Amino acid sequence: MHNCIFCKIVNNELPSNKVYEDEDLLAFEDINPVAPVHILLIPKKHINSLAELSEKDYEVASRLLLVASKLGNEHCNNNGYRIVSNVGEDGGQEVNHLHLHILGGRSMTWPPG
């Protein structure tokens with residue numbers, strides 16, 4: 001998408017502190033972290049949100065969870081972490097590009113907000 005900030009990061013039009021990249025996924029540090037570890041994991045293909053995943057996205061969706069787990073284990077020292085995907089305006093989604101927040105480095109509270 002032309003005006004998508006995450007697509008611009010994928011295309012190296014905007015800088016990011018990358019922590020992981022493969023053919024289909026990119027992970028980078030959030031510029032406004034809410035925890036000591038706050039990584040965003042996105043598919044390189046533009047998908048607006050979890051609500052718009054389809055059967056054709058099966059492989060990317062499964063890889064998102066596998067890589068999110070890997071990054072959480074690596075960056076949060078196996079002390080636990082939270083994986084969040086906000087969906088839509090009422091769900092708190094601020095960027096219309098599917099992304100997972102990997103949060104850790106502190107104790108998480110519940111409910112989140």
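The values are calculated or read from the model by the stated rules, or taken from the named source; none is laboratory data. From a predicted model like this one, the values you see are computed outputs, not experimental measurements. Cβ atoms come from the backbone with ideal geometry, glycine included; neighbour counts cover every protein chain shown.
Here are the numbers for the structure shown:
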read-out: Residue check, Val95 of a type outside the set (Ser, Thr, Tyr), over 12 Å from the mean Cα position of the chain (by Cα) and within 24 Å of Met108 (Cβ to Cβ); value: no
read-out: Output for the stretch 9-32, where each listed residue is buried (at least 16 other Cβ atoms within 10 Å of the Cβ) and either part of a helix (DSSP H, G or I) or in contact with an Asp or Glu (Cβ under 6 Å, 6 or more places away or on another chain) (or both); value: Ile9, Val10
read-out: Filter result for Val95 (more than 24 Å from Pro15 (Cα to Cα) and of a type in the set (Val, Ile, Thr)); value: no
read-out: Qualifying positions in the stretch 57-72 - loosely packed, with under 14 Cβ neighbours inside 10 Å and over 14 Å from the mean Cα position of the chain (by Cα); value: Tyr58, Glu59
read-out: Enumeration of residues in the stretch 33-51 that are out of contact with any strand residue (DSSP E or B) (no Cβ under 8 Å at 6 or more places or on another chain) and either surrounded by fewer than 12 Cβ atoms within 10 Å (Cβ to Cβ) or of a type in the set (Gly, Ala, Ser) (or both); value: Ser49, Ala51
read-out: Failed criterion for Met108 (all others in (1) of a type outside the set (D, E, K, R); (2) modelled with pLDDT of 95 or more; (3) surrounded by 12 or more Cβ atoms within 10 Å (Cβ to Cβ); (4) assigned to a loop (DSSP other than H, G, I, E, B) hold); value: (2)
read-out: Residues within the stretch 57-105 that are part of a helix (DSSP H, G or I) and under 13 Å from Ala35 (Cβ atoms), tallied; value: 2
